[in-house]
Structures are given as C-alpha cells and as structure tokens.
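Written below as structure tokens is the structure these notes are about.
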Amino acid sequence: MRKKITIVGAGNVGANAAQYCFAKNLGDVVLMDVAEGLAQGKALDFMHTASLMGNRYTVSGTSAAADTAGSDVVVVTAGIARKPGMSRDDLLKTNGGIVTQVASDVIARSPNAVLIVVSNPLDVMCMAAFKASGLPPQRVIGLSGILDSARLRSNIAAVLDVPSNSVQAIAMGEHGDGMVPLVRLATAGGVPVADLLTPEQIKEIAEATTKGGGMVTALMGTSAFYAPGMSIATLVEAVLLDTKAILPCSAYLTGQYGADNIFMCVPVKIGANGVERIYELHLNDEENAAVARSVAAITANVARMPELQGWRYSA
C-alpha cells in the first residue's frame, strides 16, 4: 500500500525534506504552503527529476488542507525562519499560532498520522501541536535531536579525522542554546571518544554543536535547511518503514529525566506508531544539571503560551 507524506511549509526546510523523502522513495509527498503557486511549482520541479531517479512515487503541491487527507506522516515546518541575532525563543508567539492552526486543520483530515514538528522553538511547538491535534503523545515527535546529533557527530569526526558515520553520539535536552551534547558518551568505531580527546577539545566540540545552527544563520542570513531536511527524512523513514531505530527526538515526558508534561529531546525508539520507548541514560552530575536547566527553560517557555497553561494530557 502506498504511503502518503504531507509536509506543511514549502520553504527551504520543507522543500529539502520533500526532496530527501522523494529521493529515498518513502512514499507520495504532498507539499503544502499558503503561498499560492510555491508548493505547486516546487512539486512540478521535483517530478521533472522522476525519470532520472527512477522514482515510483509522486510529489504534488497544494494550498488546500483537504489535499493532505489520509496522510501517514505529517511534517510541520511552517513558521517564520530565524534571522541573524534572533534566538529560537523569539519565534515563540508567531509560530505558536501557525503551528496550532496547522496541526488542527491537517490532523483533522489525517487522524491516524504521526505528526512530526520542526518549527521553532521546537519543544514548545511540540506541546502546541500536541494539544491542537488531539493525538496521543507517542504520535507527536519533535525533530530536534537528530539534527543536533548530526552536527555533534560531524564535529567529533572533524577533530578525530574519521568518517562521520563511524561516530555514534547524541545531543539531548532543549533544541536551543541549552542543548546537552553528550560528548562523554560518544564512540568512534566503538572506541570511547573521551579516550581520544582532551578536555579542551571536548568543550570546543560541545560549544560548536550548540552554536552550529546560529553559525549557519549568521553566514547565510537564514536558518539551515540541508541538514534539517535530511534529518526530517531520516525520521520519516523510521516511521514509515517501522525500523525501530533509536533516535534522539523531542518526546512527551511524564517523569523521565525529572521532566513532566513537556516535550524534550531524549533517546527514543521510533516505529510505525511513533515513539515506542523512551530511554533514560546514566548521566553524571554535570550532565544531569545541564538537562535540568533544559527542563526549566522549556517549562518556562510553555508557561509563556497562555493556551498551554494548566493543560495536561489525559488518555
């Protein structure tokens, strides 16, 4: 049976996510955007590559939520992009309204979908989408950690002069300046990275990872899109193919890591129904303190969204 992927937002991030999903042959892609003609034009451009790529699926563009009906996965990238000097939290109020509307409209037409949130500030937008969609918590996932961890792996590989795919590492916590790159737990070909790096190198790698998105924004004048696009496709693939991959994602927490009733990036098992299991790592005191700061920061931002105050999921 053919799978259907809806990506809401045909800007740089959404379009690259569509491109990578199309290249991976994951399913039919519907690219949706309020800007008339934008999604349709990009979809037509994608379809002109089908004969060159041997792709058996289609990409279509639309401005109508009705065309997204029956989606297996819905990806929300819609919202204003970060500009130089802006933090992800600066986007809170504007993107909160956009994400709430999108999640409500699109999930009403695809009630069995897994909802992937990409809009920033990510962890709070997950909460907004969760409430608006009415989905159970395991079927709402924030992209965050796959991207942050890809940057961490790349930074470690560059210092060690090894292939990035030989490095296993994750970043957790908030998707923002308070993220927690777990360099201490990383390995390269099974060898603990902590045995190969100096404390100064470990600190520099962690800082480069935390500042990676901001550096791209400062250089280009807009947010990153290649790495986010591939990160989205990686998560979509895990859902549609039911891979059971363990990936760092923003998930709904009910006491894990001292967090309750918020979304935060943690290692999770991903399958056809979304988050199947949340893993709690054995962290040291410094890492636990950093995670606690992430919990506090996300909780404070959730409190700034009036429609989320006092709200709690009940099955």
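The values are calculated or read from the model by the stated rules, or taken from the named source; none is laboratory data. No experiment lies behind these values; they were computed from the predicted model shown. Counting neighbours? That spans all protein chains shown, and the Cβs are built from the backbone with ideal geometry, glycine included.
For the range 138-169, give me each residue that is within 15 Å of the chain's Cα centre (by Cα) and surrounded by fewer than 24 Cβ atoms within 10 Å (Cβ to Cβ).
Hits for the range 138-169 are Gln138, Arg139, Ala150.
Does the range 224-243 include one or more residues that are touching a Gly at 6+ places or on another chain (Cβ under 7 Å) and surrounded by fewer than 23 Cβ atoms within 10 Å (Cβ to Cβ)?
yes
Looking only at the range 173-222, filter to residues that are among the β-branched types (Val, Ile, Thr) and in contact (Cβ under 8 Å) with a residue 24 or more places away in the chain; which one of those is surrounded by the most Cβ atoms within 10 Å (Cβ to Cβ)?
Val180
What is the residue count in the range 25-69 for residues that are modelled with pLDDT of 95 or more, over 21 Å from Asp105 (Cα atoms) and among the charged types (D, E, K, R)?
2
Per-residue answers, yes or no, for (1) in contact with a strand residue (DSSP E or B) (Cβ under 8 Å, 6 or more places away or on another chain); (2) loosely packed, with under 15 Cβ neighbours inside 10 Å:
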residue	(1), (2)
Gln19	no, no
Leu31	yes, no
Leu52	no, yes
Tyr57	yes, no
Thr62	yes, no
Val74	yes, no
Thr94	no, yes
Ile98	no, no
Ala103	yes, no
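Considering only residues that are buried (at least 24 other Cβ atoms within 10 Å of the Cβ) and in a helix (DSSP H, G or I), which ones fall in the range 107-129?
If the condition is that a residue be buried (at least 24 other Cβ atoms within 10 Å of the Cβ) and in a helix (DSSP H, G or I), then Ile107, Leu122, Asp123, Val124, Met125, Cys126, Met127, Ala128, Ala129 are the ones that fit.
Suppose the filter is of a type outside the set (A, V, I, L, M) and at pLDDT 95 or above; does Asp72 pass it?
yes
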